[in-house]
Every structure is written in structure tokens, then in C-alpha cells.
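Worksheet: the structure to be examined is printed underneath.
The values are calculated or read from the model by the stated rules, or taken from the named source; none is laboratory data. Keep in mind that this is a model prediction, so the values were computed, not measured. No Cβ is skipped: glycine too gets one built from the backbone with ideal geometry, and neighbour counts run over all protein chains shown. Remember, those area values only see protein heavy atoms, side chains included, never the ligands or the DNA or RNA. Shrake-Rupley method; radii C 1.70, N 1.55, O 1.52, S 1.80 Å.
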Amino acid sequence: MKKVSLVVYHEILESLIDRLHESGYVEFIDISKEDDKEFTAASQHPEAPTLASYDVRLSRLIDILKQHKEKKKGIKSMLAFEEPERKEVEAQSIDDLYSEAEGFLQDVEAEILEFDSRLSEISERLKSIDDDIDRLEKVRDFDFSLEDLGTSDHLYTTVSFTENLEGLKDRLKSFDEVALYSRQHKEKKRLWWAVLVVAHKSLQNEVERALREYAEILEFDDYKGHPKEMIAELTTTKKDLVKEKKSISSDLKKYCKKHLNEVFALREMVVLERARCEVPSKFGRTDSTYIVECWAPVPHESDLKALIKDVSNELIIYRSSDPTEHDKVPCHLKTPWWAESYKMLLGLFSLPKYGEVNPTIPMGISFIIFFGLMLGDAGYGLCILLLSLFAFLKLAKRSTFIKSIAFLGVCLGLTTTVVGFLLNSFFGDFIPRFFYGDPTLPIYTWNIGGITLPLDSLKDPLLILTIALICGLLHLNLGIILGVIQKYKNKQYKEMVMDHANWFILQIGGGLLIGRFILGWVYGDSVFYLAAALTVVGLIVLMVGNGPIGFFDITGYVGDWLSYARLLALGLATAGMALAFNVVAQLFGEMIPVVGIVIMILLLVFAHLVNLALQALGAGVHSLRLQYVEMFNRFYGGGGTEFRPFEIKRVYTKVKEEM
């Protein structure tokens, strides 16, 4: 990454910004807030607030119209991808863009906003009507007029509902001038009563206190007539409002069909222009020039120089330098398309700082291998593979994100399928149990180089544990190698030897000694002395570098290594649960005539789907843990920020090609 500084005359700044925006070569640095500067902070283009206003107005229309976009139904609607219609546009001035935006908004904005406002009013009114009908239904069995509620010359009348009728009656029985009428209602297991109370107006306060204690008072301030009549009237009003709502929604659907893509395209043009107008606020300014600083990836530097020369005819002062240790340098992770999903997995942890080794591809590949070892069932792998292939072939056009995730799924499914066949697992022992009639038989038999395949993790777990620990050792050493590379690139040769390369010495020497004294390896004395010497040298280097606490580095390394036993544990869990489900399903099929076969099939499908989901989740989480904790602990710091170029991204527009 290069730090580029430019001194640009006022009159060519806009041309430079336009060209940089088209190229996407740089990420601008905000120098407007720097201290001890010999320039003033520049301001954004005076048209930026106007563009922001248009952005807000167009976004508001999009939000409204999207709610009324016709949605296709059925499975085909989930799978079909509708490519957004792209509008051909030409380079135009801000005034021309204003003219186009204002002309469009004058035609449709007021009416769309009016429709939306009326829809909101109708929705609120319908909610109010539903609430009122619900309250009126509680008292519809009483023969009274709603306008009689409240206080008259002599009486106080009110309605309420309660679940404690006897308590309310006891509370009011001390008053002689109170009449209480009730109607019982039952909703499921809930019993409650609608209550009509008529009292002398002098007792209003006492009656209200009693009702607040034992009941909930219902108020109908704006209604007249019998409750049944009012319910009928409100129901009619509701039908009219629903009809009006459907009519407005129909009109908005027409607007959506006719104008939504146009609004998207117009907003995209406004957003791009707004970005160009707001970016000068990151620059510095003198009386006649702007000072611009930006980051540019090294591969783009020569193109950037050519662009600047073309824009200014060498009237721009250009200076580039390597970043200093005080600079916050963005990280430019360049990966092939098939590794884009690996970048996402790395981002879940932390991106590398500038100058730090990029672990994206080694991490992604080891993640896939460990996932396959942990899930380890060919049937489950085929499910993942087929679904991912479908997504890759049919849905990848929707976005690069779907494409990269689908390809990752293909890799995970393929690896899991291969491992499953190597470990004699296809939905557990499904094939031997239901097709061969003997669950102890292997799926196939193949002798290659003296090794008989398939292996069986349930019958020979120690062999699988050995494979898991070998994979762990290779993975940890991959981390150490990346650490060596990183220290070498940073010219930290002492740290490279003491913190990383020394572990190769310790592993070779210590491994040979452990092999001789614990595992019974036989080798000559010269090899023994060499192993002892390597071990002693490694321990001395470790203690010199870390002091007595270096001993805990050894125990920590051994602990990290043994952590890879989870490759065996999760593989056994997958195979064991699949086998158990097969056994239970087979018992149902054998014990229950006719119907048992149906139950067996349904149970197999459901149980294996659940097992696939749970074990795939576990495999994914634990495989990521081995990357983030075990391998990254050997070399990785992280804490970087991604390089975000100032570039044009078009979805709804395309530049018209000149003839």
C-alpha cells in the first residue's frame, strides 16, 4: 500500500474527483481534522446538501413503492431471479441531474405521498374501529343507548367488564341507590362478566372507585344508539375503508410497476453525484490549491500516475511514500473469486493489519478439511453438495455473496462426502443395514497400497484419533510457518528464530525422545544424541526469550495440539447418532405391520435432517475455533481495517456507450 499526497489546483479538482471515482484506485484519507497543519479544512461542494435532500426524497418514494411491489408466489418465486432493469445514462452536469430529478418528482411525488398518508390514516382508523367493535361486543347484550352513558340530571350510568363479579357486588351492596346488571361470557377457559351499573349521580365517585378496583371501565364518548346498531355501523364503515385501502394499494402497485426502477436509477445517480460532492470535506485547502491524501494499492500506482497525468497535464504535484508505523493503513485483501467466502470467515474474527501475513486462503482450506472430518458422513455431505450446487447454478446471479457462499458449500459438501466414504458412513450404517441386511458390513471394500478401505471410526477410533492429531500438528506448524514468513518480511529476525523457528527444533527433538521412551521407537545412538541436543537447544532458546514462563508455552502448545481430538469426537458423534436413528427406525418398521414402514421412513427423514443440522453447525463452529484459537495463536494479531476504494458501483444504471 502506498500513501499518496496530491496538491491540486482548484479549477481541476472536480475533474480529478470524477476520474478517481470512475477508476476506484484510491481510498481518501480525512486530513481535515489534523493538528499542526499549514492549511484550512476544505468544505464539501455547495451542492451536496441539495443532493442529500434529493436522496432523502427519492429514498422515501422507494420505501413506499417497495411495499406495494407485486410478489410472485410459489416455489418458482423463491428460485427465480429478476435482474434489475438498468437504465442507460449519459454523463451530465449537476444542473441537468437536478432538472431530471425535479421533473420526475413533480410528476409523481405529491400523489404517492398523499396515497401513503391516506393509507396510514386508514390503517389507524381501522385499528381504532376494531378496538371499538371489540369493546362494543362486550356490552351488546344490554338494552341501552350509548348516549345515556355518563352523568344525567339524576343518574350516573357506566359499563365495564370484570372477572370478579361477586367481589364487585359485595363492594356495591352497601349502596341502596345502585343497580347492577350483568351478562356472563366464556372465552375458552376464561370466565368474565359484562356489567351495566346505574346509580344516583351523587354516588359517581364511589361507584368509579369500586369499578377501578374490581373491573375495567369501558368508555364510548363519541358513539350514540344501541351497541348492536353501533357495531353494524362501524362494520359498514370498516368495509368502506378496506375497499378504499385496496383501491389505493392498487394505484400504488401501478406506480410501482411503472416508476420503481426509474426511481432506483435516479437515486443511484444522485447518490454517486453526492459522493463526489461530499468527498472534498476530507481535503485540506489553501488559497489556490487543495491538499489530498489517499491510500493506493501498489498494483494500482502506475495506473494512478497515468490517470493524474492525463487529468492535469502534469499540473498536479504527486508524491507517494511507504506508510509509517503511526499510519492507520487499510488492508487490501486481494483474493480470487472462489476464496471470497474465506474472506468473510476471516472477517468474523478480524482482518489483518497492514504488513501482516494474509491467512485467508490457508485458513479457508483448512476450515473445509476440518469441517469434512468432523461431519464425516457421505449422505450428509451429498445433501450439502446438491443444495450448494443448486444455489451456485441457479441463484448465484443474485449476488456475488450468494455465489461465494454457494461455492463454499460445494467444497464443504464434497469434502464431507469423500471423508464419509473413506470412513464407511452414509447416513450412518444406512446402506449395510437396509440394503445389505447386515450392519456390520462395509459399504465397499477396496485395497490400495496395503490399506483396506473404508476405515471405520466407530470400530477403530484410535486410528482416527491418530489422523486427527497428525492433522493438528500440520495445522499448528502451518501457523508457525506463517509466523516465520511474517517476521522475515518485517525484518524481525531475532523474533523469527526465538518465537517461531525454535518450535521446529523443539518438535523434532522432543518428538524423537517421546517416540523412543514412550512409543518404543528404535533408532541409533547418534539420532538419540541429536534429538537430545535439539531439545536442549530449543529449551534454552525458549527460556532465554520468555524466561521461566516459557515452560507454560510448551504446555500450552501441547494443549492446543490435543484440542484437535475434537476432529474425532465430532465425527464419532455424527456417526453414532446416525446409527442410533437407523436402529430405532428399523425397530418401528419391524414391530408395527404396514404402518411401521411409513413411520420408519418419516422418522429416518426427520431424524437425519435434525442430525445434519446439529452436526453441521457443530462442525462449522469447532472448525472455525481451530482456526481462530489454535492456528492464529501462533502468528496472527489482526485488528486491521478493509480498504474501501472511492469507486462507482452501479446496479440500476449503466453508462451509455458512445457510438
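Below, the figures for the structure above:
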quantity	calculated
Condition met for Lys343 (in a helix (DSSP H, G or I), open to solvent by 30 Å² or more (accessible area, probe 1.4 Å), at pLDDT 90 or above and of a type in the set (D, E, K, R))	yes
Pairs, first part of a loop (DSSP other than H, G, I, E, B) in the range 297-325, second among the aromatic types (Phe, Trp, Tyr), C-beta under 9 Å, six or more apart	Pro297/Tyr25; Pro297/Phe643; Leu315/Tyr9; Ile316/Tyr9; Pro323/Trp295; Pro323/Tyr354
Residue match in the range 360-369 (condition: farther than 26 Å from Leu422 by Cβ, buried (at least 19 other Cβ atoms within 10 Å of the Cβ) and touching a Lys or Arg at 6+ places or on another chain (Cβ under 7 Å))	yes
Yes/no for Ala275 being surrounded by 14 or more Cβ atoms within 10 Å (Cβ to Cβ) and out of contact with any His (no Cβ under 9 Å at 6 or more places or on another chain)	no
Residue in the range 253-260 that is more than 19 Å from Leu97 (Cα to Cα), modelled with pLDDT of 90 or more and in contact with a helix residue (DSSP H, G or I) (Cβ under 8 Å, 6 or more places away or on another chain) present	yes
Qualifying position, being open to solvent by 30 Å² or more (accessible area, probe 1.4 Å), of a type in the set (A, V, I, L, M, F, W, C) and either within 15 Å of Arg140 (Cα to Cα) or over 54 Å from the mean Cα position of the chain (by Cα) (or both), among Phe175, Phe220	Phe175
Among the residues listed as Val544, Val558, Val594, Val584, the single one being over 30 Å from Tyr342 (Cα atoms) and modelled with pLDDT of 90 or more	Val584
Restricting the range 423-435 to residues that are free of Cβ contacts under 8 Å to residues at least 60 places away in the same chain and buried (at least 19 other Cβ atoms within 10 Å of the Cβ), the residue that is farthest from Gly571 (Cα to Cα)	Ile431
Those residues of the range 601-659 which are open to solvent by 70 Å² or more (accessible area, probe 1.4 Å) and among the basic types (Lys, Arg), in sequence order	Arg625, Arg644, Lys649, Arg650, Lys654, Lys656
Selection status of Lys397, of a type outside the set (Asp, Glu), exposed (fewer than 14 other Cβ atoms within 10 Å of the Cβ) and assigned to a helix (DSSP H, G or I)	yes
Flag if Lys127 is modelled with pLDDT under 85 and either of a type in the set (Gly, Ala, Ser) or part of a helix (DSSP H, G or I) (or both)	no
Evaluation of Leu387 against (1) open to solvent by 30 Å² or more (accessible area, probe 1.4 Å); (2) within 31 Å of the chain's Cα centre (by Cα); (3) at pLDDT below 90 (one fails), failing number	(3)
Boolean, Val207 is under 18 Å from Leu146 (Cα atoms) and open to solvent by less than 50 Å² (accessible area, probe 1.4 Å)	no
Selection count where residues are under 45 Å from the mean Cα position of the chain (by Cα) and of a type in the set (Ser, Thr, Tyr), scope the range 491-526	1
The range 445-466: number of residues that are touching a residue at least 12 places away in the same chain (Cβ under 8 Å) and open to solvent by 30 Å² or more (accessible area, probe 1.4 Å)	5
Residue within the range 142-165 that is assigned to a loop (DSSP other than H, G, I, E, B), under 21 Å from Phe220 (Cβ atoms), touching a residue at least 60 places away in the same chain (Cβ under 8 Å) and in contact with a Lys or Arg (Cβ under 9 Å, 6 or more places away or on another chain) present	yes
